[in-house]
Amino acid sequence: MEDIPEELLDKYIEIIHLWSGIYFTNSNVSVLKRKILQQSKSENLPPGDYLDLISKDNEKMMEFIDSITTNFTKFFRHREQFEFIKNKLIPEIALKREQQGIFKIKLWSAGCATGEEVYSLLISALESFEENNIKMKLEIVASDISLKCLEIAQKGVYSKEKLQDVSPYILSKYFFKVDENKFGINEDIKKYVRFDFHNLLH
C-alpha cells in the first residue's frame, strides 16, 4: 500500500472528526489509508490535493464520508436485544404512556445504515403490539449520515444473506419475494418509518 505522510493523515483524521464525529485510531487507520487512496485515485488526484478538494466541496466530502463508514449489518443481528425490545421494553413504555394519557410510541434508529436495523426494530415493535394488545400509534425515525445508505433503506429490498436470521413466520408476514435471491419489506408497514439524514455530531 502506498504510504501517506503522517502529517497529511492527521489532517484527514481531523477534518473527518470535525465534519462527522467519526474518529480514527491506530487500530483502524489502515482502513482509512486504503479509502483515501481509493477515493483520491478515482478523482485522479494525489492524496494532498484530494484533501483540498473535499475540504472545499461538501458533495465530495459526503462521498468520502460514505466511503469510509462501515455499513455491514443484517436483520436481527443481535437477537437478544430485539427480544428484549419486544418482550420487555415496548410493553413497559406502552404502560407508562397509557398512564400519562399519551397514545403514541416514537422510536429512533440512530445510524440505521441500509435499513436492516430499523426494520428489525419495527417488526419487533409490531409483534409486541399484537402480542400485548397495545392500541397506540407507532412511529420510527430512522437516521444516518450516509445518503446512499438511506436510499437503500427506503427501497427496503434485501438479499437472502441479510435475511438468514429471519424466521419463516416473520418472512412470510412482513416481506414479499422480489426474485429468487431478494425479498422486500411490505409497503403497508413502511408507513411507520420516517427516514432522515442526520449527523449525530450536530
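The values are calculated or read from the model by the stated rules, or taken from the named source; none is laboratory data. From a predicted model like this one, the values you see are computed outputs, not experimental measurements. We place every Cβ from the backbone using ideal geometry, glycine too, and count neighbours over all the protein chains shown. Only protein heavy atoms, including side chains, enter the accessible area calculation; ligands, DNA and RNA are left aside. Shrake-Rupley method; radii C 1.70, N 1.55, O 1.52, S 1.80 Å.
Structure data summary
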{"read-out": "Virtual paramagnetic centre 7 Å along Cα→Cβ of E63, amide N under 14 Å, in region 1-40", "value": "36-40"}
{"read-out": "Label selected from (i) 0.96; (ii) 1.06; (iii) 0.93, the criterion being Rg/Rh (Cα atoms, Kirkwood Rh) as computed here", "value": "(ii)"}
{"read-out": "Distance (nanometres) between label positions extended 7 Å along Cα→Cβ at N186 and Y169", "value": "1.5 nm"}
{"read-out": "Residues E7 and R194, FRET efficiency given R0 of 35 Å [Cβ-Cβ distance, rounded to 0.05]", "value": "0.25"}
{"read-out": "At R0 = 30 Å, FRET efficiency that the Cβ-Cβ distance of R77 and H17 yields, to 0.05", "value": "0.70"}
{"read-out": "FRET efficiency estimate (nearest 0.05) - Cβ-Cβ, F176 to L53, R0 45 angstrom", "value": "0.60"}
{"read-out": "Sum of -39500 (n - 2.57) over DSSP H runs of 4+, divided by residues of the chain (222 nm, nearest 500)", "value": "-15000 deg cm²/dmol"}
{"read-out": "³J(HN,Hα) computed for each position of region 35-49 - Karplus, 6.51 cos²θ - 1.76 cosθ + 1.60, integer Hz, glycine/proline x", "value": "5, 4, 5, 5, 5, 5, 5, 5, 9, 6, 10, x, x, x, 5"}
{"read-out": "1.4 Å probe accessible area per residue over region 45-202, in Å²", "value": "56 Å²"}
{"read-out": "Long pairs among K11/K41; K60/K106; K74/K104; K88/K137; K135/K160; K74/K182, criterion Cα-Cα beyond 24 Å", "value": "K60/K106; K74/K104; K135/K160"}
{"read-out": "Karplus-derived 3J(HN,Hα), 6.51/-1.76/1.60, for each residue of region 16-25, Hz, glycine and proline x", "value": "5, 5, 5, 7, 10, x, 7, 10, 8, 10"}
{"read-out": "Accessible surface of region 49-153, 1.4 Å probe, proportion on carbon and sulfur as whole %", "value": "51 percent"}
{"read-out": "Region 98-143: trypsin sites (Lys or Arg not before Pro) falling in loop per DSSP and having at most 13 other Cβ within 10 Å", "value": "K135"}
{"read-out": "I105 long-range amide H proximity, modeled H, under 5 Å", "value": "K137, L138, E139"}
{"read-out": "For region 129-136, 3J(HN,Hα) per residue [Karplus equation, 6.51 cos²θ - 1.76 cosθ + 1.60, θ = phi - 60°, Hz, x = Gly/Pro]", "value": "4, 5, 5, 9, 6, 7, 10, 9"}
{"read-out": "The chain - charge dipole about Cα centre, Lys and Arg +1 at Cβ, Asp and Glu -1, debye rounded to 20", "value": "940 debye"}
{"read-out": "Distance from region 83-108 to region 145-191 (C-alpha centre basis), Å", "value": "25 Å"}
{"read-out": "Inter-label distance, nm, simple model (7 Å from Cα along the C-beta direction), V141/W108", "value": "0.6 nm"}
{"read-out": "Qualifying GluC sites (Glu not before Pro) for region 121-202 [loop in DSSP, other Cβ within 10 Å: at most 13]", "value": "E180"}
{"read-out": "Local electrostatic count, N186, Cβ distance below 12 Å [Lys/Arg +1, Asp/Glu -1]", "value": "+2"}
{"read-out": "In region 1-49, GluC sites (Glu not before Pro) in a DSSP loop with at most 12 other beta-carbon atoms within 10 Å", "value": "E2"}
{"read-out": "GNM top mover of V118, V178, V141 - the chain, alpha-carbon springs below 10 Å", "value": "V178"}
